[in-house]
Amino acid sequence: MNMIEVENLSLRYGNQQILKRVSFTIKKGEIVGLLGPNGAGKSSILRILAGLVFPESGVLKIENVPQKSFSNLRSYCGYLIESPSFYPFLSAKQNLNLIKKLRKSNVNIDTLLIKVGLENTFSKKTKNFSMGMKQRLAIAQSLLSSPEMLILDEPFNGLDPNGFQDLIKLLKELNGKGITIIVSSHLLNELEQFADHFILLHNGNIQLNISKHKLLKSKNNIAFTFKTKLNANSLNNLGIKKVSENRIIVKLNPIEVEAFVEKLVQMKCIPIEVENLTVLQEKYLEITK
């Protein structure tokens, strides 16, 4: 079932056209990665969905029901737009209790803190939180209304590798409980780890709209880098078209990679690096040159 459908979404700031009749669908229970370089229109879409910006045109359906305004989505969603901000001299629990009163929420704060992994912060002031802890607290405040959907704008900014993996784990857990998630990011490889569907934006247009299932089925360019120079003649029987001194690029689907590496090892051509240039990466590089 479709959670939301957006049709012909356009946005203009003065003479600048930000979004150009963009249309997309988000299925219930999906994690959707909204990708693109800075200025592509990612944040603008999320601000419209959050009811913070009013589009020039566009139609929204929620669970197949047409809506008069994009603001109607607020009752279904929790949001993290831009950087999280909290009262620095209050604890996580105090901050959430304050927001809970403003929103007239019935959510149990202790249970919520456990859900996002902040149950042991006690009276620690948020000014002393790491960036990863602040992001967890931001996710917690977005869950105060028990939303069916989370809309997260660049939630990985400023996170170290451990913080990034912790946030990925948390989002997967929330998704496993039925929450639909839209995440905007320009971090291609990282988002590929956990999203189910990808929408690639550039200059206000959708350049690619593809599921992870289709992405994995497609043959990708796989780059193999070697320590020493390669003998091109010895590689001809492997169907390699592009050969440089110590790097080859071969079109393979994911299940063929292991067998190909085994052939290389048998030929005593052992790669020191294998890079999967997916359709997503290739398209991204192609449109952002």
Any idea how far apart Tyr13 and Ser123 come out in nm if each label point goes 7 Å out from Cα toward Cβ?
4.4 nm
Within straight cross-link reach of Lys219, meaning Cα distance under 24 Å, which lysines are found once same-chain residues fewer than 8 apart are removed?
Lys241, Lys242, Lys251, Lys263, Lys283, Lys289
Could you check the simple spin-label distance between Ile270 and Leu285, using points 7 Å along Cα→Cβ, in nm with one decimal?
2.7 nm
Which listed residue (Asn231, Ala50, Ile210) has the Cα farthest towards the positive end of the charge dipole for the chain, taking +1 on Lys and Arg C-beta and -1 on Asp and Glu C-beta about the Cα centre?
Ala50
Cβ-Cβ FRET estimate between Val261 and Leu102, R0 fixed at 51 Å, reported to 0.05
0.35
Ranked by Cβ crowding within 10 angstrom, fewest neighbours first, how are Glu192, Glu282, Glu30, Glu262 ordered?
Glu262, Glu282, Glu192, Glu30
Expressed in nm to one decimal, what extension gain is obtained for the pair Asn209 and Ser130 from 0.36 nm per residue of sequence separation less their Cα-Cα distance?
25.0 nm
With charges only on Cβ, +1 for K and R and -1 for D and E, what is the dipole size of the range 29-76 about its Cα centre, in debye, rounded to 20?
120 debye
For an R0 of 51 angstrom, estimate the FRET efficiency from the Cβ-Cβ distance between Asn72 and Leu277 and round to the nearest 0.05.
0.80
I'd like the distance between the alpha-carbon centres of the range 115-144 and the range 249-289, rounded to an integer number of Å.
40 Å
Charge dipole magnitude, Cβ of K and R +1, D and E -1 - the range 155-278, Cα centre, debye nearest 20:
520 debye
Report, in debye and to the nearest 20, how large the dipole of the range 2-215 comes out about its Cα centre when Lys and Arg carry +1 and Asp and Glu carry -1 on their Cβ.
580 debye
Taking the beta-carbon count within 10 Å as an exposure proxy, list Thr25, Thr228, Thr180 from fewest neighbours to most.
Thr228, Thr25, Thr180
Counting all C-alpha pairs of the range 2-215, share separated by more than 26 Å (%)
34 percent
Please give the contour-minus-distance gain from Asp160 to Ser57: 0.36 nm per residue of separation, less the Cα-Cα distance, rounded to one decimal in nm.
33.2 nm
Which one, Phe164, Ser185, Ser75, projects farthest toward the positive side of the charge dipole computed for the chain from Cβ point charges (K/R +1, D/E -1)?
Ser75
Yeah, the range 76-126 with a ≥ b ≥ c from its alpha-carbon gyration tensor (a/c under 1.5 is rounded, else prolate when a/b outruns b/c, oblate otherwise) is rounded
Straight distance only, please: which lysines reach the Cα of Lys28 with their own Cα at less than 19 Å, same-chain residues fewer than 8 apart left out?
Lys61, Lys172, Lys177, Lys212, Lys214
I'd like the distance between the alpha-carbon centres of the range 1-40 and the range 167-220, rounded to an integer number of Å.
14 Å
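Read-outs throughout are calculated quantities, based only on the coordinates presented, and are distinct from any laboratory measurement. Please read all numbers here as calculations on a predicted model, not as lab measurements. In this analysis, Cβ positions are derived from the backbone assuming ideal geometry, glycine residues included, and neighbour counts consider all displayed protein chains.
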